[in-house]
Amino acid sequence: MRVTPNSDRCQYVYGSGVAPAWQPEYLGELHELQEQEVGHVIGPLVLDGRNIGAISLARDSHQGRLVEFEVELIRMVLEYLGMAVKNSQLYGEIKETKGYLENLINSAGDAIITVDTEGLITSWNAAAERIFCLSYEEAIHHHLSTLYPGEQQRVPWLFDVMNDCQIKHFETRLQQRDGSPIECSLTLSPLFGAHDDVVGVLAMIKDVTQDKKLREQLMQSEKLSALGEMAAGVAHNFKNILGTILGYTEYLLEAPDDQAEIEDGLVIIEKAARDATQVVQRIQTYARGSSDADDFEPTDLRQLVKETVDVTRPIWKEQAQQQGHMKVIDVNLELDDIPLVRSRAAEIREVVTNLIINAVDAMVQGGSLTLSTYEEGDYACIRVTDTGPGMTEEVQRRVFDPFFTTKGNKGTGLGLSVSHTQLKGHGGHIDMKSELGVGTSFTIKLPI
């Protein structure tokens, strides 16, 4: 097909001719190739079923109308032009997406790098430059082993990730350009090529050097806090033991002629002293960093409850005298036969002692204190119930928190916290129920 330069249609193309019969507003009505007059055809450019433009072709009218093969040729050209426009748009979208992803990777706070199957670095973002103090030019195409301390030539995780084709996460020590060590958290995943074959590894690297230091400081702080809590708990328990010893000593000094009472009192004093020895041994065990359950012995909880009531009785009287009046505490024992449990009896006595003293403290005007033993499923239970004023919901939520107390300067806030820890060391636990105006009940549960 030949286009004559001086034809009206050719002149229109160059801006000097007469406008053709079609106009852009009629583009949507153009659905197929049309020959508007002799030597002049218009065809639509179609993309995804939508007209996006049109092609107007003209030749000298003396050449006559288009023949069939010329029409088919023009249709093919229109199809190719449509595909070219689509590919151009796709290329633009790909370029835009590529730019967006590159900006996203370079804006990330963590290092994002890729390596090929030989371990050579193929991409290196801005965060990697900052973390490792290596520029893109210094890192690209260098082996990943340059990030490892020493002369290590084989990166241990590289081939594992490529062979297993699984995401891996771990922490390791890498180095900066000057050899300074940095603690890093790595997330690794295999990179797949166009044919689903592994072509490398993607690594996301987070500098956790400061985080690790903070964790270590926190762990040290927690150890010191635990040590302080343990020391305060020991002092709390020693206070109760010494109160028992002093109370019975004063009582025996007042009744030197009653041989039976003297013998009973001395037995209780001896038991309290032995419990104090157990407390010291637990401190030594803690200092060694071990906890030995071999010293658990069969324990009769019924007998233990009776002994604890006797041991704590002088403490009640002393507190009542300090308060300026003699409050009456009715003690009721409801001790069912239950199986023996394996425990450190001294620790269980400390727990029951704390519960009894707390109950007596709560009953300012006196009241009833009930201690019971019973079996519940796989547990042997000791329940301590008082008829005191009960606790508010806020106090109930915090009652086992270390150093929380409702006794003001008279309390340490460690009795229940230490008791909870001691029972946990026995595989047991402690439950609590309380109602304002009715009283409070604590239940010790130990595995049989």
Next on the checklist: Given the criterion surrounded by fewer than 16 Cβ atoms within 10 Å (Cβ to Cβ) and touching a strand residue (DSSP E or B) at 6+ places or on another chain (Cβ under 9 Å), identify the matching residue among Asp386, Asp378, Asp401.
Outcome noted: Asp378
Next on the checklist: Among the residues in region 27-35, are any outside any strand (DSSP E or B), modelled with pLDDT of 70 or more and surrounded by fewer than 12 Cβ atoms within 10 Å (Cβ to Cβ)?
Outcome noted: yes
Checklist entry - All but one of (1) within 23 Å of Phe192 (Cβ to Cβ); (2) touching an Asp or Glu at 6+ places or on another chain (Cβ under 8 Å) hold for Leu104; which doesn't? => result (2)
Checklist entry - Can you tell me which residue in region 113-128 is nearest to His141 (Cα to Cα), limited to those that are at pLDDT 90 or above and of a type in the set (Gly, Ala, Ser)? => result Ser123
Next on the checklist: Condition (residue is among the hydroxyl-bearing types (Ser, Thr, Tyr), buried (at least 21 other Cβ atoms within 10 Å of the Cβ) and more than 36 Å from the chain's Cα centre (by Cα)) applied to region 407-429: is it met by at least one residue?
Outcome noted: no
Checklist entry - Just a yes or no: is a residue in region 286-296 under 46 Å from the mean Cα position of the chain (by Cα), modelled with pLDDT of 75 or more and among the basic types (Lys, Arg)? => result no
Checklist entry - In this structure, is Lys306 within 30 Å of Glu171 (Cβ to Cβ), surrounded by 13 or more Cβ atoms within 10 Å (Cβ to Cβ) and modelled with pLDDT of 70 or more? => result no
Item to check | Selected residue (only one of Ser145, Ser123 is of a type in the set (Ser, Thr, Tyr) and touching a Ser or Thr at 6+ places or on another chain (Cβ under 7 Å)) | outcome: Ser123
Checklist entry - When region 63-97 is examined, which residues are found to be hydrophobic (A, V, I, L, M, F, W, C) and closer than 17 Å to Val41 by Cα? => result Leu66, Val67, Phe69, Val71, Leu73, Ile74, Met76, Val77, Leu78, Leu81
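Let's see how each residue does on (1) in contact with a strand residue (DSSP E or B) (Cβ under 9 Å, 6 or more places away or on another chain); (2) surrounded by 13 or more Cβ atoms within 10 Å (Cβ to Cβ):
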| position | (1), (2) |
| --- | --- |
| Phe132 | yes, yes |
| His141 | yes, no |
| Leu147 | yes, yes |
| Asp160 | yes, yes |
| Gly179 | no, no |
| Cys184 | yes, yes |
| Phe192 | yes, no |
Item to check | Residues of region 87-121 satisfying the condition of being β-branched (Val, Ile, Thr) and surrounded by 14 or more Cβ atoms within 10 Å (Cβ to Cβ) | outcome: Ile105, Ile112, Ile113, Thr114, Val115, Thr117, Ile121
Next on the checklist: Against the condition in contact (Cβ under 8 Å) with a residue 24 or more places away in the chain, part of a loop (DSSP other than H, G, I, E, B) and not aliphatic (A, V, I, L, M), how does Gly179 come out, does it pass?
Outcome noted: yes
Item to check | Among residues of region 194-219, those that are on the phi > 0 side of the Ramachandran plot and buried (at least 16 other Cβ atoms within 10 Å of the Cβ), counted | outcome: 1
Next on the checklist: Tell me yes or no: at least one residue of region 138-157 is modelled with pLDDT of 85 or more, farther than 14 Å from Ile205 by Cα and charged (D, E, K, R).
Outcome noted: yes
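The values are calculated or read from the model by the stated rules, or taken from the named source; none is laboratory data. The structure presented is a predicted model; accordingly, all values stated were derived computationally and were not measured. In this analysis, Cβ positions are derived from the backbone assuming ideal geometry, glycine residues included, and neighbour counts consider all displayed protein chains.
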